[in-house]
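Engineer: One structure is given below, represented as structure tokens, and several questions about it will come after.
The values are calculated or read from the model by the stated rules, or taken from the named source; none is laboratory data. What you see is a predicted model; the values in this text were computed from it and never measured. Neighbour counts are summed over all protein chains in view; Cβ atoms, including those assigned to glycine, are modelled from backbone coordinates with ideal geometry. SASA here: full protein model, heavy atoms, side chains in, ligands and nucleic acids out. Shrake-Rupley method; radii C 1.70, N 1.55, O 1.52, S 1.80 Å.
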Amino acid sequence: MAHDVLLLNGPNLNMLGVREPEVYGADTLEDIVARVVAHAGDRATITHVQSNHEGQLVEALHAAHGTRAGVVFNPGAYTHTSVALRDAISACGLPVVETHLSNVHAREEFRHRSMLAGVCLGVVAGFGWRSYTVALDGLLGHLDAAPT
């Protein structure tokens, strides 16, 4: 059975491929989304949303309630600052896997703390674009193991 999964990306991720390629790699967000969709195969239907606006990310999480099975979410810089996104993750009642391209724990001190991790199913960071496919695999494994 294919699961409906929201792939949610936060601020500045639309600039991948241009923005700090030494940190984030040369792949564009479109490249990453295509890899996630291909990796999902017939296991999941992927709906992708990217926004640079916190409120739109909150709205996407709210809209996922009752319509999606789970979420793979790269909140970008909002990871470290957004109580609103933390509350939206809690409110939507879905398993959410936080993901990051870079190893946030090997970067600046302010990036070491996630406001969201405590309400997420798990966190995957540091594997570049592969962080997304690892996050998807973790989410799908969780969904497949859940009692029906």
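Engineer: Select from segment 16-27 the residues that are out of contact with any helix residue (DSSP H, G or I) (no Cβ under 9 Å at 6 or more places or on another chain) and at pLDDT 80 or above and write down the one among them that is nearest to THR133 (Cα to Cα).
Structural biologist: Checking each candidate, the answer is ALA26.
Engineer: Kindly indicate whether LEU85 is in contact with a Phe, Trp or Tyr (Cβ under 7 Å, 6 or more places away or on another chain) and either on the phi < 0 side of the Ramachandran plot or open to solvent by 10 Å² or more (accessible area, probe 1.4 Å) (or both).
Structural biologist: On the way: in contact with a Phe, Trp or Tyr (Cβ under 7 Å, 6 or more places away or on another chain): yes; either on the phi < 0 side of the Ramachandran plot or open to solvent by 10 Å² or more (accessible area, probe 1.4 Å) (or both): yes.
Answer is yes for this residue.
Engineer: Can you pull out the residues in segment 89-148 that are part of a strand (DSSP E or B) and open to solvent by less than 60 Å² (accessible area, probe 1.4 Å)?
Structural biologist: Of everything in segment 89-148, those that are part of a strand (DSSP E or B) and open to solvent by less than 60 Å² (accessible area, probe 1.4 Å) turn out to be VAL96, VAL97, GLU98, THR99, HIS100, GLY122, VAL124, ALA125.
Engineer: Counting only residues that are in contact with a helix residue (DSSP H, G or I) (Cβ under 6 Å, 6 or more places away or on another chain), open to solvent by 10 Å² or more (accessible area, probe 1.4 Å) and closer than 14 Å to VAL5 by Cα, how many does segment 55-82 have?
Structural biologist: Matching residues across segment 55-82 total 2.
Engineer: Across segment 133-148, what is the number of residues that are over 11 Å from VAL71 (Cα atoms) and touching a helix residue (DSSP H, G or I) at 6+ places or on another chain (Cβ under 9 Å)?
Structural biologist: 2
Engineer: Another question, then. Report yes if GLN50 is closer than 19 Å to ASN12 by Cβ and either in contact (Cβ under 8 Å) with a residue 24 or more places away in the chain or crowded, with 21+ Cβ neighbours inside 10 Å (or both), otherwise no.
Structural biologist: The answer is yes for GLN50.
Engineer: Select from segment 1-15 the residues that are in contact (Cβ under 8 Å) with a residue 40 or more places away in the chain and within 15 Å of the chain's Cα centre (by Cα) and list them in ascending order.
Structural biologist: Step one: list which residues in segment 1-15 are in contact (Cβ under 8 Å) with a residue 40 or more places away in the chain, which gives 2-13.
Of everything in segment 1-15, those that are in contact (Cβ under 8 Å) with a residue 40 or more places away in the chain and within 15 Å of the chain's Cα centre (by Cα) turn out to be ASP4, VAL5, LEU6, LEU7, LEU8, ASN9, GLY10, PRO11, ASN12, LEU13.
Engineer: If you don't mind, another one. Out of curiosity, is ALA40 touching a Leu at 6+ places or on another chain (Cβ under 8 Å), open to solvent by less than 30 Å² (accessible area, probe 1.4 Å) and of a type in the set (Gly, Ala, Ser)?
Structural biologist: Criteria met by ALA40.
Engineer: Which of (1) in contact with a strand residue (DSSP E or B) (Cβ under 7 Å, 6 or more places away or on another chain); (2) within 14 Å of LEU139 (Cα to Cα) is the odd one out, the single condition HIS39 does not satisfy?
Structural biologist: (1)
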